[in-house]
Amino acid sequence: MGQTIKEIKATLAKLTDLSAKEFLEYEADERAGVQAALKSRKKQILAELAEEARLEQMLEFEKELYGQEIQLIAGIDEVGRGPLAGPLVTAAVILPKNCKIRGLNDSKKVPKSKHHAILSEIQEKALAIGIGIVDAEKIDEVNIYEATKIAMIQAVSKLSVKPEHLLIDAMVLDFPIAQTKIIHGDARSASIAAASIVAKVTRDEMMKEFALEFPEYDFEHNAGYGTAKHLEALTKYGITRIHRKSYEPIKTMVNFKS
C-alpha cells in the first residue's frame, strides 16, 4: 500500500534538497493532492534558497573584514531624518561572525508586522547594541546632517563591546575607529540592516509615547512625517515642543508668529 497524502506531506516537509529521490518518486504519483503538495514544497525550498543567497550577499562587507582578522564589526544606521516632529534615532549593532537572520533587511523593505520579531532575534543574537537619540531642539541647532553624526557617535559610544570597524550607511564619522561608508548600506550589509531595524522600532515606540501626549497629531501612525492629518493638526493646534522649527512648513509658521 502506498503512502497517504498526509504521510507524503510529512516527508516533503523534511526535504531541503530539490534533487532528493523522493521528489522524482512523488512526481509519478498522479493524485492531485500529492502534486499540489509537491508544487508547494518545491516553491518553499526555492524561496528558502533565495533567502539564504540574499543573506549571504548581505555579508559581503563583513566577510571582507573577517578576511583581515576583524570580527567585531558595528553596523550603524539612522531613522528619522525627514519627519517634521520627533527625534532622530540611530543604532549601532555588533552581530556575531557570519550571523544570518531570516527576513533581515533595510527596515523600509521589511513589513512593519515583522519588525518586532526580527528585532527580538537581533537582541537575542547581537554581541552589543547601542542607541543614539538627538531631539528636535538639537536638530534645529546644528542641522540634520550634523545631528546624524552626533547620534551615530552616541550609539557607538554606548556599545558594551568596543568595535574594531564601523560599517556606516552613507556617512563618515569623526571617530577614532576604522570605518567604511556604504551607500544604501541598510540593504547591502547585515550589520547595518540590523541597526536599521533597531533604530526604526525604537523611534516608532517613542512616537507612540508622544502620541499619548499630543493625540491630535496622529504620531502613532505618521511617526512625525507630514501627512495630511498631521499638517491639518499643525494648522489647527500649532506646533509642539517636539516639532522641528528649522523644517518647513513649521519654519514659516514660527516666523509668521514672530
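Worth pointing out:
- Condition check for Arg54: closer than 30 Å to Ala187 by Cβ, in contact with a Ser or Thr (Cβ under 9 Å, 6 or more places away or on another chain), surrounded by fewer than 17 Cβ atoms within 10 Å (Cβ to Cβ) and not small (Gly, Ala, Ser): no
- Condition met for Asn98 (in contact (Cβ under 8 Å) with a residue 24 or more places away in the chain, out of contact with any Phe, Trp or Tyr (no Cβ under 7 Å at 6 or more places or on another chain), at positive phi and of a type in the set (S, T, N, Q)): yes
- Selection status of Ile183, surrounded by 19 or more Cβ atoms within 10 Å (Cβ to Cβ) and within 30 Å of Ala53 (Cβ to Cβ): no
- Scanning the stretch 236-251 for residues that are part of a loop (DSSP other than H, G, I, E, B) and of a type in the set (A, V, I, L, M), we see that the one that is surrounded by the most Cβ atoms within 10 Å (Cβ to Cβ) is Ile242.
- Some residue of the stretch 71-93 being closer than 18 Å to Val161 by Cα, in the same structural domain as Val156 (by TED's automatic domain parsing) and without any contact (Cβ under 8 Å) to a residue 60 or more places away in the chain: no
- Screening Lys108 against (1) in a loop (DSSP other than H, G, I, E, B); (2) surrounded by fewer than 13 Cβ atoms within 10 Å (Cβ to Cβ); (3) touching an Asp or Glu at 6+ places or on another chain (Cβ under 9 Å) leaves a single unmet condition, (1).
- Selection within the stretch 150-173 - basic (Lys, Arg) and under 16 Å from Val134 (Cβ atoms): Lys158
- Residues (more than 28 Å from Arg102 (Cβ to Cβ) and loosely packed, with under 12 Cβ neighbours inside 10 Å) located in the stretch 28-47: Ala28, Glu30, Ala32
- The criterion of being surrounded by fewer than 21 Cβ atoms within 10 Å (Cβ to Cβ) and at pLDDT 95 or above holds for Thr227.
- Options Ile131, Ile183, Ile139; residue that is hydrophobic (A, V, I, L, M, F, W, C) and free of Cβ contacts under 8 Å to residues at least 40 places away in the same chain: Ile183
- When the residues of the stretch 133-143 are filtered to those that are in contact with a strand residue (DSSP E or B) (Cβ under 7 Å, 6 or more places away or on another chain) and among the β-branched types (Val, Ile, Thr), the one that is surrounded by the fewest Cβ atoms within 10 Å (Cβ to Cβ) is Ile133.
For every residue, the table says whether it meets (1) farther than 15 Å from Gly2 by Cβ; (2) not in a helix (DSSP H, G or I).
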position: Glu25; (1), (2): no, no
position: Val34; (1), (2): no, no
position: Ala37; (1), (2): no, no
position: Ser40; (1), (2): yes, no
position: Leu46; (1), (2): yes, no
position: Ala53; (1), (2): yes, no
position: Glu56; (1), (2): yes, no
position: Lys63; (1), (2): yes, no
position: Gln71; (1), (2): yes, yes
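- For Ala233, the conditions (1) surrounded by 15 or more Cβ atoms within 10 Å (Cβ to Cβ); (2) touching a strand residue (DSSP E or B) at 6+ places or on another chain (Cβ under 9 Å) are fulfilled apart from (2).
The values are calculated or read from the model by the stated rules, or taken from the named source; none is laboratory data. Keep in mind that this is a model prediction, so the values were computed, not measured. Glycine gets a Cβ as well: all are built from the backbone with ideal geometry, and neighbour counts include every protein chain shown.
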